[in-house]
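Some notes on the structure that comes next.
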Amino acid sequence: MSAIRSLRSIAARPAARGIFRPQFSLSTFQHRNASSKHPKGFEAPTSEDLQELRERVQEFTRREITEEVAAKTDKSNSFPNDMWQKLGDAGFLGITADEDVGGLGMGYQAHCVVMEEISRASGSIGLSYAAHSQLCVNQLQLNGTLEQKMKYLPGLIAGTKVGALAMSESGSGSDVVSMKTSAKAVDGGYIINGTKMWITNGPDASFVVVYAKTEPDKGSKGITAFIVEKEFEGFSCARKLDKMGMRGSNTGELVFDGVFVPKENVLGEINRGVKVLMEGLDIERLVLSAGPLGIMQAALDVALPFTHQRKQFGAPIAHNQLVQGKLADMYTKLQAAKSYTYATAKQVDEFGQIRTQDCAGAILYSAERATECALDCIQLLGGMGYVEEMPASRLLRDAKLYEIGAGTSEVRRIVLGRAFNKEYSGYAS
Ligand SMILES: Cc1cc2nc3c(=O)[nH]c(=O)nc-3n(C[C@H](O)[C@H](O)[C@H](O)COP(=O)(O)OP(=O)(O)OC[C@H]3O[C@@H](n4cnc5c(N)ncnc54)[C@H](O)[C@@H]3O)c2cc1C
């Protein structure tokens, strides 16, 4: 019922042009549950709702994220800034957030659908979208006080403000708990000093969720999350990074030079930042796993028509069994990865069950398959796969990021390994 209310309240907002408005029947939701990771009163959407949402996102991407926009974003290495407002108007920036602050409260399957379709149109716009709507908006939704949500979420969800999350440092990536950025308690708040590296949306962000050491001697038990505003004195973006892929998803190095953050901007509990961080990482990996799904679909969108139109030896190249084998492999990898991501998201939405190993497993699998599919796409296009006139090389460059960002493939395998060790600890005696 709350999903219906959410959609109706959003649909009534003047800004919500073209918003998804499904026709629900109340009984549809009767057995669907909420969890601590969903807004109060959350009821999971049906597969019909999700299909309708997908069609709405596709209408949006066909109109707003054309191949021309995607190619320009990549070539210019700059995010099309009017996109935030467009995404906000469409209602896509608060998919998991509470309706009271302008969100749709539709859950993680819905968030994966939007992420997948945007990434299908442009990997880099998809990555920036996830950093904003998941890493920032959903972290505030899950851990913010009512005052923090009322203050920060409406602008972020409307697309008038841009969000980011800053955890990694140049010396602390996989071992993020070894971070050096510090937050010293002072009268009325904290003073943050340090730098953060590779921060998606960092150069554009109005609000950044930042992790810093409040008790450096206590290791993982001495980290706290803060909300930092762009205008806070001492905060700056030192540089925008020039990346091989995900170009146009602006990535920056952030500097905190004696930034005073009022105590009202502590996100979650003091010294419990690792809880915020680790729980956030599970859902982050799950939602981000839909990015590679979109890229795999994009690779098929390019390779299928090309191989059926391109003739060699008097026949379409897709009539050769070696070419068919590649297309079949691409297709089955996409379907398998899709099933894993959406099954994991369904568990979260319908049973409130977040399995760390499956969140890590879903992105481990989809990320590696996406790189393979993008490579196959290049191969199937032959010479045209190797020139920038076609999107194949962009797909490969974008896909590779997902084996690194949000924890590398190696770290994801470690997460799975540790889960097995825990589950089978009784066998080691
Ligand atoms: C485009 C982009 C966007 C990003 N966006 C954000 C963002 O918005 N916010 C944010 O906080 N961070 C962000 N990151 C940072 C990202 O999360 C880190 O780059 C990632 O966690 C890896 O850390 P690292 O680069 O320091 O690599 P390292 O940790 O130095 O790892 C280097 C290599 O060693 C391997 N390795 C490390 N430890 C082990 C081990 N114990 N066992 C086996 N292998 C190991 C790694 O898997 C990797 O192959 C982004 C990165 C990129 C490239």
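Residues that are out of contact with any Lys or Arg (no Cβ under 6 Å at 6 or more places or on another chain), surrounded by fewer than 24 Cβ atoms within 10 Å (Cβ to Cβ) and part of a helix (DSSP H, G or I) within region 148-163 comprise Q148, K149, M150, K151, P154, A158, listed in sequence order. Can you confirm whether region 380-390 contains a residue that is within 16 Å of the ligand (Cβ to nearest atom) and either out of contact with any Gly (no Cβ under 9 Å at 6 or more places or on another chain) or modelled with pLDDT of 95 or more (or both)? Checking region 380-390: not a single residue is within 16 Å of the ligand (Cβ to nearest atom) and either out of contact with any Gly (no Cβ under 9 Å at 6 or more places or on another chain) or modelled with pLDDT of 95 or more (or both).
Of the residues making up region 349-373, those that are farther than 14 Å from L281 by Cα and within 18 Å of the chain's Cα centre (by Cα) are D349, Y365, S366, A367, E368, R369, A370, T371. Do we have any residue at all in region 86-93 that's away from the ligand (no atom under 16 Å from the Cβ) and on the phi > 0 side of the Ramachandran plot? There is at least one residue in region 86-93 that is away from the ligand (no atom under 16 Å from the Cβ) and on the phi > 0 side of the Ramachandran plot.
In the set T145, T96, only one residue is surrounded by 24 or more Cβ atoms within 10 Å (Cβ to Cβ), more than 16 Å from the ligand (Cβ to nearest atom), closer than 29 Å to K263 by Cα and modelled with pLDDT of 95 or more; that residue is T96. In the set D376, D398, which member is within 17 Å of the chain's Cα centre (by Cα) and crowded, with 21+ Cβ neighbours inside 10 Å? Being within 17 Å of the chain's Cα centre (by Cα) and crowded, with 21+ Cβ neighbours inside 10 Å holds for just one of D376, D398, which is D398. When V259, V287, V266 are screened for being in contact with a Cys (Cβ under 8 Å, 6 or more places away or on another chain), in contact (Cβ under 8 Å) with a residue 40 or more places away in the chain and not acidic (D, E), only V287 passes.
Put simply, of A185, A166 the only residue that is crowded, with 16+ Cβ neighbours inside 10 Å and modelled with pLDDT of 95 or more is A166. When region 218-245 is filtered for residues that are basic (K, R), at pLDDT 95 or above and either touching a helix residue (DSSP H, G or I) at 6+ places or on another chain (Cβ under 8 Å) or closer than 30 Å to L395 by Cβ (or both), the ones remaining, listed by number, are R239, K240, K243. Condition first: within 16 Å of the ligand (Cβ to nearest atom), in contact (Cβ under 8 Å) with a residue 40 or more places away in the chain and farther than 29 Å from Q324 by Cβ. Can you find one or more residues in region 369-378 that meet it? No; the residues of region 369-378 include none that is within 16 Å of the ligand (Cβ to nearest atom), in contact (Cβ under 8 Å) with a residue 40 or more places away in the chain and farther than 29 Å from Q324 by Cβ.
For region 389-425, a residue qualifies if it is more than 24 Å from M278 (Cβ to Cβ), of a type outside the set (S, T, N, Q) and free of Cβ contacts under 8 Å to residues at least 24 places away in the same chain, and exactly one does: E389.
Residue-by-condition table, conditions (1) more than 19 Å from G123 (Cβ to Cβ); (2) out of contact with any Lys or Arg (no Cβ under 6 Å at 6 or more places or on another chain):
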site	(1), (2)
A374	no, yes
L381	no, yes
G385	no, yes
S393	no, yes
L401	no, yes
A406	no, no
E410	yes, yes
G417	yes, yes
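Against the criterion of being closer than 24 Å to T251 by Cα, assigned to a loop (DSSP other than H, G, I, E, B) and of a type in the set (D, E, K, R), E389 does not qualify.
The values are calculated or read from the model by the stated rules, or taken from the named source; none is laboratory data. Being a predicted model, the structure only gives us computed values, none of them experimental. No Cβ is skipped: glycine too gets one built from the backbone with ideal geometry, and neighbour counts run over all protein chains shown.
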